[in-house]
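Peer 1: Structure provided below as structure tokens; questions to follow.
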Amino acid sequence: MEAVSERELVERCRSGDETAFQDLVDRHKGLVFALIARTVQDRSRAEDLAQEVFLRVHRGLPYFRGEARLSTWIYRIVANVCVHDAARPAALSLDDERAAKRPPPSATDRQYGDFELRDRLEKAIARLPANYRFLIAAHYLEGVRYEDLAEALDLPLGTVKTQLYRAKQQLRRLLETDLR
């Protein structure tokens, strides 16, 4: 994309031209998704992060100074989104501690997505056999170590790890089925 047409596209986006923004997305979505997919293994999560990038681009266009190429600026946003995503705790918590805090206005869309994901996760966990529900809740949601689970359940450590693996696989299948 030439610098002149890039500037023109940015100006059209700033003036509220939605077709210009769609053109911007179409021009850069391949780059954005490719960069995110190298960082995030889960395709669904990569798609969510790509959407987050374009939301930030849309909100940030009024502040884009044009000192760097647009693609360079978008790449920086991708890097920030990926770093922020990697810093998230690995275990999902069903306790919504964040609900007690007032989120910034830009977090509203993300908060709804988190609520929807949490709801699907809770429903899928509820469909697991009881022993798998317990293991998933204890280890992934409450952070109980493998060794402590093995001791509490009076099972060999390898058995606990195997059962957790199987529980996670079954949960993944349930969630994938729900998304189709």
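Peer 1: Which residues, counting only those in segment 7-50, are hydroxyl-bearing (Ser, Thr, Tyr), out of contact with any Leu (no Cβ under 8 Å at 6 or more places or on another chain) and either within 19 Å of His84 (Cα to Cα) or part of a helix (DSSP H, G or I) (or both)?
Peer 2: Thr19, Thr39
Peer 1: Right, next: Given (1) surrounded by fewer than 16 Cβ atoms within 10 Å (Cβ to Cβ); (2) touching a helix residue (DSSP H, G or I) at 6+ places or on another chain (Cβ under 7 Å), where does Asp42 come up short, assuming only one miss?
Peer 2: So the condition that Asp42 fails would be (2).
Peer 1: Report the residue count in segment 27-44 for those that are modelled with pLDDT under 90 and either touching an Asp or Glu at 6+ places or on another chain (Cβ under 6 Å) or of a type in the set (D, E, K, R) (or both).
Peer 2: Total meeting the criteria: 3.
Peer 1: Would you pick out the residues in segment 51-67 that are touching a residue at least 40 places away in the same chain (Cβ under 8 Å) and in a loop (DSSP other than H, G, I, E, B)?
Peer 2: Of everything in segment 51-67, those that are touching a residue at least 40 places away in the same chain (Cβ under 8 Å) and in a loop (DSSP other than H, G, I, E, B) turn out to be Phe64, Gly66.
Peer 1: Checking Arg172 against (1) among the charged types (D, E, K, R); (2) over 23 Å from Arg88 (Cβ atoms); (3) surrounded by 12 or more Cβ atoms within 10 Å (Cβ to Cβ); (4) modelled with pLDDT of 90 or more, which single condition isn't satisfied?
Peer 2: (2)
Peer 1: Quick one: would you say Phe64 is surrounded by fewer than 17 Cβ atoms within 10 Å (Cβ to Cβ) and at negative phi?
Peer 2: Yes, satisfied.
Peer 1: On to the next question. So Phe33 clears everything in (1) closer than 30 Å to Glu176 by Cβ; (2) in contact (Cβ under 8 Å) with a residue 24 or more places away in the chain; (3) among the aromatic types (Phe, Trp, Tyr) except one condition, right? Which one?
Peer 2: (2)
The values are calculated or read from the model by the stated rules, or taken from the named source; none is laboratory data. Model, not experiment: these values are computed from the prediction. Note that each Cβ is placed from the backbone with ideal geometry, even for glycine, and that neighbours are counted across all protein chains shown.
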